[in-house]
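What follows is a single structure, written as structure tokens, with notes after it.
The values are calculated or read from the model by the stated rules, or taken from the named source; none is laboratory data. All values derive from a computational prediction rather than experimental measurement. Cβ atoms come from the backbone with ideal geometry, glycine included; neighbour counts cover every protein chain shown.
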Protein chains: 4
Amino acid sequence: MPTILIDPLPRTLDLICDSVTRAKLESLGQLIIHETGRMPDEMVDRYLPEVSIIMGQTRLPRERLQRAKNLKAIIDVETNFTDAIDYVYCFANGIHVLTPASAFADAVAESALGMTIDLARGITKADRDFRLGREAYGLDGNVGSFSLRGASVGLIGYGDLARSFHKLIAPFHCEVNVYDPWVPDYVLKRAGCKSVGLNQLLSQSRVILVFAGVTSENQGFLGRAELSLIRSDAIFLLMSRAAVVDFPTFIEFVKHGKFRAATDVFPIEPVPKEDPLRSIEGLLLSAHRTGGMPEALFEIGRQAVADAELILKGLPPVVCRKALPETVKRFRSKPVDVT
Amino acid sequence: MPTILIDPLPRTLDLICDSVTRAKLESLGQLIIHETGRMPDEMVDRYLPEVSIIMGQTRLPRERLQRAKNLKAIIDVETNFTDAIDYVYCFANGIHVLTPASAFADAVAESALGMTIDLARGITKADRDFRLGREAYGLDGNVGSFSLRGASVGLIGYGDLARSFHKLIAPFHCEVNVYDPWVPDYVLKRAGCKSVGLNQLLSQSRVILVFAGVTSENQGFLGRAELSLIRSDAIFLLMSRAAVVDFPTFIEFVKHGKFRAATDVFPIEPVPKEDPLRSIEGLLLSAHRTGGMPEALFEIGRQAVADAELILKGLPPVVCRKALPETVKRFRSKPVDVT
Amino acid sequence: MPTILIDPLPRTLDLICDSVTRAKLESLGQLIIHETGRMPDEMVDRYLPEVSIIMGQTRLPRERLQRAKNLKAIIDVETNFTDAIDYVYCFANGIHVLTPASAFADAVAESALGMTIDLARGITKADRDFRLGREAYGLDGNVGSFSLRGASVGLIGYGDLARSFHKLIAPFHCEVNVYDPWVPDYVLKRAGCKSVGLNQLLSQSRVILVFAGVTSENQGFLGRAELSLIRSDAIFLLMSRAAVVDFPTFIEFVKHGKFRAATDVFPIEPVPKEDPLRSIEGLLLSAHRTGGMPEALFEIGRQAVADAELILKGLPPVVCRKALPETVKRFRSKPVDVT
Amino acid sequence: MPTILIDPLPRTLDLICDSVTRAKLESLGQLIIHETGRMPDEMVDRYLPEVSIIMGQTRLPRERLQRAKNLKAIIDVETNFTDAIDYVYCFANGIHVLTPASAFADAVAESALGMTIDLARGITKADRDFRLGREAYGLDGNVGSFSLRGASVGLIGYGDLARSFHKLIAPFHCEVNVYDPWVPDYVLKRAGCKSVGLNQLLSQSRVILVFAGVTSENQGFLGRAELSLIRSDAIFLLMSRAAVVDFPTFIEFVKHGKFRAATDVFPIEPVPKEDPLRSIEGLLLSAHRTGGMPEALFEIGRQAVADAELILKGLPPVVCRKALPETVKRFRSKPVDVT
């Protein structure tokens, strides 16, 4: 039986594995589990010589990896690539470093669609107006509303989140333009999108969704100049990370009615109680909750275990995202401390 | 040139025709238009002998119809079948009575999807909590949330609204059950739905949408007994007419948290300012505004003109809903007084 | 129990009803069945005063209809509108005349897709060449082949057959142009097609399918002038009726390699043994067999029974094609004598 | 400007690059092209120190790779992984070894659908019968025919070919079962398929397609025992490689009518002129021509150039198949000698 170290902080196995997945995982090997904090060094060190797979954010510098002669894969179940691993060693020695990065994609995409329709059609605002006794009926209640059907949609970033979202809007027959320097036109064209420049996307789209993860290169790439290009009748949804946008300017623009917007992410979370963004009329507020569904966490387990099974059979993983020499050092999403 | 009477109260041609449709309409015949109120009797009577098509809710008792020897069609652009027409005469004499009933379907369906995801994922409530400084982040912010993906959806009524909605949820791979006594199992099966009894639908569905129009037979058919069947983790969306449900009981149940709900319709509109439903936490409020989009009104014109053109070419209409002997007297939606 | 006359020549109940449909039919009323030839006059006459629904091509002149005081519907299960009915009387008296016209649509559409790919990719021809020992491999075997993906498709006629076919080619992302004077642009646009003139369709499409039924107005409308417009690299599939095309010219053109073609229909069936069309290389031959699947015949029963049930409940039929004053006299498809 | 060696035998640049792709390729670097045979050793050796990308099946043993200090990727445009490369060195040194393996998938899948409908509906056979004067009309012409709609489809292998095919049959609403030991249930479930054992697939499916490539482990895995499980009313299509099946037994079974079949591949190609399989009635014959479309060859260029561009920008390739330590030595498709 192969040995599998489970060091899932800040997750627990129960959070990431439904019962079927847990049973499958247990059938794959001998599980060495430590869930009450980071796995102690001595525990890690004891199992290094025999371990085949490590699930977690265990610290794995070169000296540890050199002792882990049977190690085939490290799977980060928090879903980020940490700095605690000697990636160069892993790449040179055929150790897969993986993370179930797309686990949250479906949950985020569903929320993104709900929030897109919400902004386009004014759903939350209409409910708020109704509670305040100032609702308007029929046509009068739809000033500024527009339909997602046939609208020009601009996706910034075309990774897992955007692809899941793209599937959901298929029945709306939107024109979909994409800006993603990591994805070639070939892929976009086959996916039914058009590759466009960032400025063109911002200035022409009626519906803009930011799905781009944060990297060492794109922090704040949606700055004042870029945000100024957005049409006044557009809606802008920030679904990935606050760091990709000049957040204060973004908030300032929405506050002054330059466009309507939604955000699921903030530079500091929790947002300070007295932060004035809490009362901006044209801003749909979501407390980093679009991905955090129990079902999404179970996807982490399913993806990790599916690849673990393949790897233990001597096959390459096909589900999780792989750490790659070109990109692993560029990702800048901060791991979460608690689930 | 055939004569076409345009008596569009409570609409106007500008409201229901975009420029392309207006140009098409003008090419079809001589337009006799009266938009400042109901067309005067003498004006109607003058043109009766020659008129081919009447667009509007013009009063057309037998004595008028008998004089309208060239009349081929009456098209109600308010989108209801009024009592002002002698339908028996029309049926016996091959005069089409039509209405662009599906004009609002796409707009309502889009809102219905937005409101469905809103209730399932708690979007409006999360925004409200955020504004009140009581938002919860991540998993904690999703207590009671569920995904539409794969959920059991029950549609009450499978007419134009429901069909449009059904197309929009295709990417969610829901199980869709339908209760509609006017639609045979054959049609539902081909549409990928399952025909079920009302009680089964109510007691088993996680997501319930009421799209059924009101008829002489179904007023209040969703009474206390039926509403009591709804699961406590279900969401219930009233999208068609308030009269199909025991509205006070519905409100009472939502107030007491028996299930979450949304409604676009109310027994009395505008809703009284002091109505306590305005503050119910689990109720998403919409002021009869899901259909009233400018684009939906233009659909009225497009549908009416498309059929008018066919009819004037000696072909049968294929777009609008037809008044039929079996059903015309059963419809009970109140016409609106103003657009 | 309502009385239902079953006079299904040239069908039999077993041919058109699977067991579930038969059971449903039997539950609807008292069935008076005569399957060994046309129902004798005295048998028809005996039941006229009480009959609610007649299924078949029973002769129904005015004098009979006047005696059938309870008659609500006539359903032609051969699937044509015959001259044996006084339609004017039916229309004036609210008697539905129906036929399950779309029963064959799915079967024909599936064959049409198979034959389209066959012609585009040379499947049957490649098999024939292989049997003759003259096959060519790889690229050499694909001279003249093209892909349906993204091809320009022209549909002549946009009724049940074309609509079913259109759904099947959705994954091929074709541009679909339609010529059908009975269908308004409004409908085509919503279906994702473009309305074009016949000559434009013929001269520009790479793939042309004729789905148009034959009427009193369109016989031979695809004449020499029209067929001359077809591109030499196009494929042309005649799926509906031979009478819509100048058949000898069509055959002559294919024989001389002006374009490749397939046909399921012929002016005289069976085709004479010595007809030289049997050896034309560029012609894919099908003996009026695309629709005649047992499953398609069962659709006749399902559609007829679904509408019969609605009608007996006092509801309008929604499945079968309705005879309409504008069109019933225009249809010219010859009924078949035997199934 | 980076140096790109183009050694495309048995392809040529014109065969694999349309003009847009060629222009893009030329913009990426200095192209060193040799198309008249394998690139001479001295030519390769001269450019090794500077080359960034090699396109072709150039022999690359360790001693050459050690000299190629700038080499980032080797892209096999014949589309196989040859034995001429020291993969271990590449893996340890971050040199991508790629091939545009999915270039042929769309072409093969389209043919596979055509051939599936052909066998299910008897299209080629009906044409052959017609030419022989023994065609049967209508129902009589459909003995043994069945519809793909709703049929149980079994896919053996779920790689690029199968995935492309799966998309094409979406409108047929088939139940799709898959046997592929390299693909986890997780992936199949999300793709809307069910993972089943090989024997279950063979014994239960109405439609069986073999898309599995040949590896060191699966040669002849469809042997006499497995082929004996196939239903007599099933159709069996061999679309990938002859070596995965016990070919003589397969042919024997089809000859004796145990099931109907199609094959695009043969143990020896060209097939000997006198091979008796040429006259088997139930066998649809295709001379390894389903993939060999000009458009498919252009996909090779598009995929290769798309990844080359990413790699030269310092980004990971995302389009081509990657040689992986676990699998590269298992592939056993013979490279072709000529395009």
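Figures for the structure shown
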{"item": "Flag for C:His256 being more than 14 Å from chain B (Cβ to nearest Cβ), under 30 Å from B:Asp160 (Cβ atoms), more than 17 Å from the chain's Cα centre (by Cα) and not hydrophobic (A, V, I, L, M, F, W, C)", "result": "no"}
{"item": "Residue among A:Phe247, A:Phe146 that is among the aromatic types (Phe, Trp, Tyr) and within 14 Å of another protein chain (Cβ to nearest Cβ)", "result": "A:Phe146"}
{"item": "All positions within the stretch B:108-119 that are touching a residue at least 40 places away in the same chain (Cβ under 8 Å), out of contact with any Phe, Trp or Tyr (no Cβ under 7 Å at 6 or more places or on another chain), facing chain A (nearest Cβ under 7 Å) and of a type outside the set (Ser, Thr, Tyr)", "result": "B:Glu110, B:Met115, B:Asp118"}
{"item": "Lone qualifier among D:Gly122, D:Gly56 - being modelled with pLDDT of 95 or more and either under 25 Å from the mean Cα position of the chain (by Cα) or within 7 Å of another protein chain (Cβ to nearest Cβ) (or both)", "result": "D:Gly56"}
{"item": "Near pairs, Cβ below 8 angstrom, 6+ apart or cross-chain, from the stretch A:124-151 (within 16 Å of A:Gly282 (Cα to Cα) and not assigned by TED's automatic domain parsing to the domain that holds A:Arg231) to any residue that is of a type in the set (Asp, Glu) and part of a helix (DSSP H, G or I)", "result": "none"}
{"item": "Selection status of B:Ile95, over 30 Å from A:Gly292 (Cβ atoms), crowded, with 16+ Cβ neighbours inside 10 Å and in contact with a strand residue (DSSP E or B) (Cβ under 6 Å, 6 or more places away or on another chain)", "result": "no"}
{"item": "Yes/no for A:Ala234 being among the small types (Gly, Ala, Ser) and more than 30 Å from D:Asp307 (Cα to Cα)", "result": "yes"}
{"item": "Residues (out of contact with any Lys or Arg (no Cβ under 7 Å at 6 or more places or on another chain) and more than 9 Å from chain A (Cβ to nearest Cβ)) located in the stretch B:265-274", "result": "B:Phe266, B:Pro267, B:Ile268, B:Pro272"}
{"item": "Pairs with Cβ under 8 Å, 6+ apart, first in the stretch C:83-102 and within 14 Å of chain B (Cβ to nearest Cβ) and under 12 Å from C:Leu324 (Cβ atoms), second part of a helix (DSSP H, G or I) and hydroxyl-bearing (Ser, Thr, Tyr)", "result": "C:Val97/C:Tyr87"}
{"item": "Inter-residue pairs, beta-carbon under 7 Å, first under 15 Å from A:Tyr186 (Cβ atoms) and in the stretch D:16-34, second among the β-branched types (Val, Ile, Thr) and crowded, with 16+ Cβ neighbours inside 10 Å, 6+ apart", "result": "D:Ile16/D:Val77; D:Ile16/D:Ile300; D:Thr21/D:Val305; D:Lys24/D:Val305; D:Leu25/D:Val305; D:Leu28/D:Ile4"}
{"item": "In the stretch B:284-339, the residues that are more than 13 Å from chain A (Cβ to nearest Cβ), under 12 Å from the mean Cα position of the chain (by Cα) and farther than 23 Å from B:Asp83 by Cβ", "result": "none"}
{"item": "From the options A:Thr290, A:Thr327, residue that is modelled with pLDDT under 95 and not in a strand (DSSP E or B)", "result": "A:Thr327"}
{"item": "Total residues in the stretch D:247-257, condition of a type outside the set (Gly, Ala, Ser) and either surrounded by fewer than 19 Cβ atoms within 10 Å (Cβ to Cβ) or on the phi > 0 side of the Ramachandran plot (or both)", "result": "5"}
{"item": "Residue check for A:Ala68: free of Cβ contacts under 8 Å to residues at least 40 places away in the same chain and in contact with a helix residue (DSSP H, G or I) (Cβ under 8 Å, 6 or more places away or on another chain)", "result": "no"}
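For every residue, the table says whether it meets (1) within 22 Å of the chain's Cα centre (by Cα); (2) closer than 23 Å to C:Phe81 by Cβ.
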| residue | (1), (2) |
| --- | --- |
| C:Asp180 | yes, yes |
| C:Pro184 | yes, yes |
| C:Leu198 | yes, no |
| C:Ile208 | yes, no |
| C:Val214 | yes, yes |
| C:Gly223 | yes, no |
| C:Leu229 | no, no |
| C:Phe236 | yes, no |
| C:Arg241 | yes, yes |
